[in-house]
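Below: one structure, written as C-alpha cells.
The values are calculated or read from the model by the stated rules, or taken from the named source; none is laboratory data. Just so it is clear, the structure is predicted and the values come from calculations on it, not from any experiment. When we count neighbours, we look across all protein chains shown, and the Cβ atoms used for this are built from the backbone with ideal geometry, even at glycine.
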Amino acid sequence: MEVTNNIISFDALTNFRDIGGHQTMDGKRIKTGILFRSDELSRMTTRDIELVNELRLKLICDLRTVREQESKKSRMLNRGIEVKSLSIQDKSQEFTHFELMKLLVSNSEKLNFEQMMKDMYYHMAFSSKDKIKEIFCLLSDAGNVPALIHCTGGKDRTGFVTAIIQLFLGVHYESVMMDYLYSNERMGPKMKKIEKFIRLMSLYKIPTERIKPMLEVRRDYLEEVLNEIMKQYGSIEQYLLKGCCIPQSCLESLKQNLLDGLEH
C-alpha cells in the first residue's frame, strides 16, 4: 500500500487521509493507522476495497444525510464493519436534483452561497451536538478503532469534525487549519465537475465566481464557528463537556485510543 504524507493512493477516493501523525502542544502525537477521513465510498473499485480492508476498520461514521446515503450507497456496507449513520447536516439544505434546479433557476440572483456555507457550519457546531457526542463516544471505545469518518466530499462535515477532534487532542491551531484547507488541493478536479453541473442546473444563470464558496473550504468557515465556540464555552474541551454533554470518561478514553505517549 502506497502511503505518502498520510495519503493512501486510491483509484476513486480523492480525499482519503490518515488523521494521525500530528504533534500535540504537549509533545505527544496522534497515532497513525487509527482514525481516517474520506469522501464518499460509492465509487470504490475492487482495488480500493482491498486497500480499505488492509486498514482493518472496525467502524465507519457516515455523516451524510439519509438521502445521500440512499442515492450513493457505500461499497463498504455488509463487509463486517459497523457503519453508523450520523448526519450532521441541516435538513433544510438538502435538495433533490429537481429541487436544486428549481431553486437555482428561480432564485439565482438572491442566493448567497457563502452565507449558506457559514450557516451550515454553525448548524454543525450548535444544532448537531448529539451527533458530535455520539461520534466522540464511539471513538472512545477501543473496540471501535481503527475507524473512518466520511461525508460526500470529505471537506466540510468531515473537515469540521476532524478539526474538533484534533484541537481537543492538542494539535497546534495552524496545523489543524492547514489540514482542513488541504481538502481544496485534494478535491480540486472533482469540484470542477460539480461546478459545471451546478452551472448547468441553473441554466448558466449563476457565474463560476458565485458558486465557488460551495466548492471550497475556506479558513473563515471554520474560524468563525471555532471563534463562536470559544466565545460560548472558553475551550474545545468545555464545548465537548458542557455543550455536547460528553462524559469526561469518554474524552479520556478517546485520548488513550488516539494519542501516543499516554500510559494505559
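Results, tabulated for the structure shown:
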quantity	calculated
Matching residues, the stretch 15-44, being farther than 21 Å from V176 by Cβ and either touching a helix residue (DSSP H, G or I) at 6+ places or on another chain (Cβ under 9 Å) or crowded, with 21+ Cβ neighbours inside 10 Å (or both)	E40, L41, S42, M44
Unique residue being assigned to a helix (DSSP H, G or I) and either surrounded by fewer than 22 Cβ atoms within 10 Å (Cβ to Cβ) or of a type in the set (A, V, I, L, M) (or both) when the list is I49, I60	I49
Residue list for the stretch 169-228, filter: hydroxyl-bearing (S, T, Y), over 24 Å from H123 (Cβ atoms) and modelled with pLDDT of 80 or more	S175
Residue among G33, G21, G27, G80 that is without any contact (Cβ under 8 Å) to a residue 12 or more places away in the chain and on the phi > 0 side of the Ramachandran plot	G80
Filtered residues of the stretch 216-259 (kept if in contact (Cβ under 8 Å) with a residue 24 or more places away in the chain, assigned to a loop (DSSP other than H, G, I, E, B) and surrounded by fewer than 15 Cβ atoms within 10 Å (Cβ to Cβ))	C245, P247
Unmet criterion (only one of (1) acidic (D, E); (2) under 21 Å from L215 (Cα atoms); (3) modelled with pLDDT under 95) for E70	(2)
Any hit, the stretch 90-104, residues being crowded, with 18+ Cβ neighbours inside 10 Å, more than 30 Å from H172 (Cα to Cα) and at pLDDT below 90	yes
